[in-house]
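The values are calculated or read from the model by the stated rules, or taken from the named source; none is laboratory data. Please read these numbers as outputs of a predicted model, since none were measured by experiment. Cβ coordinates were reconstructed from backbone atoms using ideal geometry, including for glycine residues, and neighbour counts include every protein chain displayed. Heavy atoms of the whole protein, side chains included, go into the accessibility calculation; ligands, DNA and RNA do not. Shrake-Rupley method; radii C 1.70, N 1.55, O 1.52, S 1.80 Å.
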Amino acid sequence: MTLAFDVAVRAEAELGEGPTWDPATGRLLWIDILSSRLHTYDPATGRRTVRRTEQHVGAVKPRAGGGLVLNLRDGIGLLDPDGSFRWLHREPVPGRRGNDAAVAPDGSLFAGTMRYDEATGGGTLSRVTGDGTVTVLLDDATVSNGTGWSPDGRLMYYIDTPTRRVDVFDAGEDGTVSGRRPLAVIEEGAGFPDGLTVDADGCVWVALWDGAAVRRYTPSGELDRVIELPVPRVTACAFGGTALTDLYITTARVGLTAPHPLAGSLLVVPGAGKGVAQPAFAG
């Protein structure tokens, strides 16, 4: 199946990441981690905004009451609807920063961390509730990355990038996860798994860092679709647009000596599939 991409936003993000559709505003949110920038893009008008954050920002998600939640270097921050900032949970650890994050079906935030030097076991995956309560779920991650749930909420998919695996857990209604096992393994030479999203069929779309592609795996772990791209460092993907049929893809140029002209841009594959409406953070 051939799926062609368009350029949604031509940019030079150092480490573009975390595309997230915000249905309340009809905008696509995404971030440039290492440039500490929060981007928005309105596909209906083409309007773009950029806001600088005070720290490296690993993820941004909409909040149920308006505003945004941010996974920052030193913890979890909140942007209120009036644009003001406050900490929900601040826990600075020298040499560590927030990375990818996702909102669970119950409205809690599953927030990952990693060390800047990518030391083995130096990262975490934690569950953060709306009142700021933090429960560490994994204390030995290295590069905690893509996280998402099956349409029925009973399975959680997770990537710790250096493992080269997409793992699956059983997800409890109380926010617990258990029974970790591999769904798919990315073979040598095909890049490393980074961000992910789950579609309405329960299939898992995986961005491949240094793999120049996005892959789709079925719930049984079978590879059934590949979107090839001209940029090597593909970081994350998410469905957006009012019908949730367009797949937005972030990319990076960090570490590339001669980056492709589109490296760091926000790409989109119109009509790639059908996404699932994502819950907003309950804080």
Within the range 78-123, how many residues turn out to be aliphatic (A, V, I, L, M), touching a Gly at 6+ places or on another chain (Cβ under 7 Å) and part of a loop (DSSP other than H, G, I, E, B)?
1
Of all strands (runs of 3 or more DSSP E) completely enclosed by the range 182-235, which ones contain at least 2 residues that are under 16 Å from the mean Cα position of the chain (by Cα) and closer than 30 Å to Pro261 by Cβ?
192-198, 204-209, 213-217
Residue under question is Pro230, and the condition is that it be open to solvent by 10 Å² or more (accessible area, probe 1.4 Å), touching a strand residue (DSSP E or B) at 6+ places or on another chain (Cβ under 6 Å) and not basic (Lys, Arg); does it hold?
no
Those residues that are of a type in the set (Val, Ile, Thr), open to solvent by 30 Å² or more (accessible area, probe 1.4 Å) and part of a loop (DSSP other than H, G, I, E, B), I need them from the range 1-59; list them, please.
Thr2, Thr25, Thr45
Please determine, by comparing only the residues of the range 152-171 that are more than 17 Å from the chain's Cα centre (by Cα) and in a loop (DSSP other than H, G, I, E, B), which one is farthest from Lys274 (Cα to Cα).
Arg154
